[in-house]
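A short reminder: the numbers here are calculations on the coordinates, not readings from a lab. What you see is a predicted model; the values in this text were computed from it and never measured. We place every Cβ from the backbone using ideal geometry, glycine too, and count neighbours over all the protein chains shown.
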Amino acid sequence: MIDCLIAIFILGMGAVSYYSLLPVVKQSHMIAQQESKVGQMCTRVVEEFSMLKSSQVTASTLSQLNLIDPNQTNQPWTFSHIPLDDGTDYSPAKELINGVGTITTSNIANGSVLITITISWNSPTGAKRSYTTGTVVGGYR
């Protein structure tokens, strides 16, 4: 009888341990999904910029090409509400909690432009997260 009680206790402790991990696993999964979406968004923006000449990296040109939000003149430019896919409304503001995408540029040697792309958002826990990448357009390419 005592052996049976000990076995039930051990089994119960195992079940409690297993079920206490489920919220952590779910939260980790949600964070991984968000980071995957952000990586895809940044890759899409880098691909769009890689087709441009360095002289085309201006607010008016980027706005005409629908790469930044409209009516912007000063950096950092935002692309929070720009759909990054023709078939869906896949944008940082729609896909992420408080998602904001920004683009900054700086001129470097040989007529090239360094483009830095950052997406910031809140994770499911409320922590502020961000992902930054970039590319070079122009002479170094």
**Item:** the range 1-75 and the range 80-141: distance between their alpha carbon centers, rounded to Å
**Value:** 14
**Asked** Expressed as a rounded percentage, what relative contact order does the range 2-137 have, with Cα pairs under 8 Å and six or more residues apart?
**Response** 20
**Item:** Rg/Rh ratio calculated on Cα atoms of the chain (Kirkwood radius)
**Value:** 1.29
**Request:** Could you list which residues have their amide H under 5 Å from that of Ile108, counting only those 5 or more apart in sequence or on another chain, with H placed in the peptide plane?
**Result:** Val113, Leu114
**Message:** Taking 30 Å as R0, compute the FRET efficiency from the Cβ-Cβ separation of Thr78 and Met30 and round it to 0.05.
**Reply:** 0.75
**Request:** Give the angle, between 0 and 90 degrees and rounded to the nearest 10, that separates the Cα long axis of helix 2-50 from the longest principal axis of the Cα atoms of the chain.
**Result:** 10
